[in-house]
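Take a look at the structure below.
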Amino acid sequence: MDYNQYSFYDGVIWMNVDQLANRLRNDNLFMENVVRWEVLPAREAAYADFPDALDKRLLPVLQKRGIHRLYTHQAHSIRATAEGKDVVVVTPTASGKTMCYNLPVLSSILNNDDARALYLFPTKALSADQVSELYELIEEMGVNIKTYTYDGDTPAAARRAVRQAGHIVVTNPDMLHSGILPHHTKWVKLFENLKYIVIDEIHTYRGVFGSNLANVLRRLMRLCEFYGSKPQFILCSATIANPKELAETLIGRPVELIDDNGAPMGIRHFVFYNPPVINRQLGIRKGVIPEARAISTMLLKNGIQAITFARSRLTVEVLTRYLKDEVRDPLGNAGRVRGYRGGYLPTERREIERGLRAGQVDAVVSTNALELGIDIGALDACVLCGYPGTIASAWQQAGRAGRRKETSIVFFIASSAAVDQYIITHPDYFLHQSPENALLNPDNLYVLLSHFKCSAFELPFEDGDRFGNTPAPDELMEYLADSGILRHVDGRYHWSAEDFPASEISLRSAASENFLIVDITDPAKHRIIGEMDRFTAPMLLHENAIYMHEAQQYQVEKLDFDACKAFIRRVDVGYYTDADLNISLGLLDIEQQQERTDGSRRLLTEVKVTSLVTMFKKIKFDTHETLGFGHVRLPETTMHTTAVMWTLPEKLTAQFDNDTLQCGMLAVANLLRIVAPLYLMCSPQDVAVVYQVKSPMTDEPTLILYDNCPGGVGLAHKAYSMQNMLMEKALEIASDCPCPYGCPSCTGPVGEIGDQGKVAAIRLLKGMLEAEA
């Protein structure tokens with residue numbers, strides 16, 4: 001698609017969103033590819049008076065900002081907090097959730113200068129963004145409320161001031177876990193006077209990350225009890241299916257749900273756009289990148305400030321380059337268009353955010369890094385370049401447009417992927433399906449044991465002490481005492497090991513080492529322009545890769561694995577590179593196995609997951625044709641973890657030909673990806689499910705579920721003992737779903753599993769359940 005092809009397009013028109021929407025709806029060429037045009041009606045604001053509990057010194061500052069009354073959910077939150085309740089606020093993006101915690105916290109500190117508050121945000125970027133908003137409020141009041149960010153970037157000289165004088169300490173779970181709790185004796189002022197604990201974006205705390213945070217909070221509350229404080233919790237979340245349950249599991253206490261959203265919303269156009277078919281025999285559609293480029297360019301040319309979300313870093317850089325080429329001035333500057341993704345340096349990301357708020361940036365292309373509530377001002381349009389994977393994420397991204405009362409427009413452009421095609425052909429599924437649950441399991445034995453050790457290091461356990469809502473398990477303390485980690489003296493368990501336990505635990509179950517990206521174009525001045533995690537580096541920073549940063553091309557000269565550095569040189573070539581990642585599993589050990597009456601087996605194993613980049617292809621800009629291939633010579637990256645394997649009996653598999661068996665096993669694997677997180681109480685990213693029609697590890701057709709983090713956290717162990725329940729629930733989902741041939745809610749879309757995939761999956765599951773151990 002070329003934006004110039006539209007019958008109304010004749011250069012820069014500078015239409016607003018309403019005018020553009022009307023023009024597009026009357027353009028037959030564009031509407032040929034529009035599957036559904038949904039108009040979400042405007043919503044009027046619902047207001048409430050300032051609660052009496054609010055300190056009167058805040059009112060002039062709010063009124064100066066044009067806030068003469070609060071939205072209903074803001075007033076409700078402040079009243080509930082004043083009554084001493086823990087609350088969770090659940091409203092859409094840009095509904096003023098920050099007021100729900102900033103106002104009661106500031107009010108409390110204005111009334112009691114000794115009061116303290118701790119703010120937790122999932123990312124450093126969000127911390128920095130929220131602190132700047134707090135600074136503005138405090139400065140306008142002219143009061144001495146000290147607000148500090150405490151994270152890895154905080155200079156050593158400033159840390160003492162934060163510990164001694166900070167009224168509001170803003171940090172992230174990782175820093176609380178390893179930088180504050182183990183050193184609580186330096187934070188006496190904070191712990192003795194802690195009045196509020198604020199946790200924003202709690203929908204991000206799911207699975208292993210959420211289970212870790214719940215235990216970090218247990219440790220925090222144990223220290224608060226020791227120092228004599230009883231803080232309240234104020235939690236905020238985007239729209240998910242179970243916010244109250246998630247909040248109560250995180251903090252281990254009842255919460256009041258506040259979801260009476262009073263924020264206004266302008267009219268929102270939601271356009272479901274399916275690229276045209278270019279090969280009807282093969283069902284191939286035009287690529288999602290050229291279509292996203294055309295629609296984003298159309299918005300840019302009309303002066304409509306927009307954000308385009310892409311699913312990968314590479315797609316972000318390719319689209320950023322295309323859009324920059326549209327707006328370059330005679331000197332080659334194109335600052336009106338910016339890319340935004342993980343790997344940019346913090347200063348660069350802050351600069352882009354400020355540019356968006358100030359209206360100096362007209363278009364930004366981002367990964368889901370801008371999905372969280374970082375304030376980027378009032379955007380008029382949003383382009384989703386492919387389905388982001390969950391309904392909750394899709395609505396979060398779409399909510400970035402129309403952050404004020406004006407009309408906004410969202411374009412969802414489907415890729416050729418089966419899930420995208422299902423969503424685009426079933427728009428009601430997207431519009432009306434309930435968002436996903438966020439699940440976690442703080443009592444997972446592996447996670448619990450790790451934090452129990454940390455808590456014992458911070459403060460000795462007495463006989464009968466509690467950890468969270470339950471008494472500290474005697475068997476855990478005895479196990480640690482037998483291992484020489486704790487020492488039982490006079491009814492107390494004291495830490496006796498030499499190591500520092502918090503340093504051994506990663507809350508996010510990810511390798512902590514990042515690769516630095518060093519620009520060596522100028523031999524006299526090497527400079528660091530970005531960073532990348534260890535898993536992604538081999539794919540994007542292998543030798544001879546074209547690395548793109550804000551649309552500028554660099555060629556990778558060397559990737560130094562030992563020093564964790566990539567050395568790059570600026571180039572200008574007409575192509576970009578994309579690498580292929582191969583993942584294979586190898587059997588290390590069999591911990592347990594059980595043979596069933598039909599000859600099938602279930603095995604609890606240790607496996608080695610090997611990731612290896614073997615080759616890359618060069619792809620030409622604009623035409624996206626492949627220009628050639630290159631070999632990658634890098635060491636493989638390995639991860640040792642635990643896995644459960646289910647072999648299929650020969651009597652069952654003999655009923656299918658190879659193709660149907662493969663489609664059926666793929667469909668069963670898709671079902672297990674749905675049910676495993678629900679019943680193992682984890683995030684979908686915490687487990688991986690694969691199938692092998694003839695597994696080299698078992699010599700039989702095999703389904704494999706493994707913990708997707710180094711060492712495992714016990715999920716495979718749990719799945720091993722829950723085989724029948726998992727298979728029964730998978731069968732239930734497939735049987736109860738009304739679709740005839742498969743959809744993303746059950747076995748996967750028919751374009752992925754074929755016409756017979758769903759039927760074969762049901763027969764396979766029934767066959768597996770019929771066998772008795």
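Points to keep in mind about this one:
- Isolated Cys residues of the chain, judged by Cβ distance under 4.7 Å to other cysteines: Cys100, Cys224, Cys236, Cys382, Cys385, Cys454, Cys564, Cys663, Cys682, Cys709
- Extension gain (nm, one decimal) between Arg492 and Tyr429, 0.36 nm per residue minus Cα-Cα: 17.1 nm
- Greater than 18 Å apart at Cα, pairs in Lys729/Lys758; Lys189/Lys230; Lys195/Lys230; Lys301/Lys620; Lys558/Lys620; Lys651/Lys766: Lys301/Lys620; Lys558/Lys620
- Figure note: Lys230, Lys694, Lys565 ranked by solvent-accessible area, largest first, 1.4 Å probe, ligands and nucleic acids not counted: Lys230, Lys694, Lys565.
- Extending 7 Å from the Cα toward the beta-carbon at both Thr390 and Lys651 defines two label points whose distance is 4.1 nm.
- Paramagnetic label zone (point 7 Å from Cα along Cα-to-C-beta, His631; backbone N under 18 Å) in region 534-554: 542-545
- Compared with the direct C-alpha span, the chain from Ala53 to Leu612 gains 195.3 nm at full extension, assuming 0.36 nm per residue.
- Here is the P(r) of region 411-474: all C-alpha pair distances, binned every 5 Å from 0, give 3, 13, 16, 12, 6, 5, 5, 7, 10, 10, 8, 4, 0 in whole percents.
- Per-q log10 I(q)/I(0), the chain, q = 0.06, 0.11 Å⁻¹ (Debye; single scatterer per alpha-carbon; no solvent): -0.41, -1.47
- DSSP beta bridges fully contained in the chain are about 60 percent antiparallel.
- Whole-Hz couplings from phi, Karplus 6.51/-1.76/1.60, listed for region 81-98; x for Gly and Pro: 5, 5, 7, x, 8, 7, 10, 10, 9, 10, 9, x, 4, 6, 9, x, 5, 4
- Helix-only [θ]222 nm of the chain, DSSP H runs n ≥ 4, -39500 (n - 2.57) each, per residue, nearest 500: -10500 deg cm²/dmol
- Treating each Cα of region 238-348 as an identical point scatterer and summing with the Debye formula, the log10 of I(q)/I(0) at q = 0.11, 0.14, 0.16, 0.17 Å⁻¹ comes to -0.65, -0.87, -0.96, -0.99.
- In terms of accessible area, using a 1.4 Å probe and ignoring ligands and nucleic acids, Arg466, Arg569 rank largest first as Arg466, Arg569.
- Directionally averaged projected area (convex hull, Cα atoms, region 302-377), nm²: 5.1 nm²
- In order along region 21-38, the phi-based Karplus estimate (6.51 cos²θ - 1.76 cosθ + 1.60, θ = phi - 60°) of 3J(HN,Hα) comes to 4, 5, 4, 5, 5, 9, 9, 4, 4, 6, 5, 4, 9, 8, 7, 8, 10, 9 Hz; Gly and Pro are listed as x.
- Spatially, region 309-332 and region 501-569 are offset by 21 Å when compared through their Cα centroids.
- The listed residues Cys737, Cys382 rank as Cys737, Cys382 when sorted by accessible area, largest first, using a 1.4 Å probe.
- The accessible area of Trp395, taken with all protein chains in place and a 1.4 Å probe, comes to roughly 70 Å².
- Accessible-area composition of the chain, carbon plus sulfur, in percent [1.4 Å probe]: 48 percent
- Counting only protein heavy atoms and a 1.4 Å probe, the chain has 42 square angstrom of accessible area per residue.
- Within the same chain, lysines fewer than 8 places from Lys608 are excluded, and of the rest, those with a Cα less than 23 Å from its Cα are Lys694, Lys718.
- Shape call, region 417-540: gyration tensor on alpha carbons, a/c limit 1.5: oblate
The values are calculated or read from the model by the stated rules, or taken from the named source; none is laboratory data. Predicted model, so just to flag it, every value in this text is computed and none were measured. Positions of Cβ are generated from backbone atoms using ideal geometry, with glycine treated the same way; all protein chains shown enter the neighbour counts. Only protein heavy atoms, including side chains, enter the accessible area calculation; ligands, DNA and RNA are left aside. Shrake-Rupley method; radii C 1.70, N 1.55, O 1.52, S 1.80 Å.
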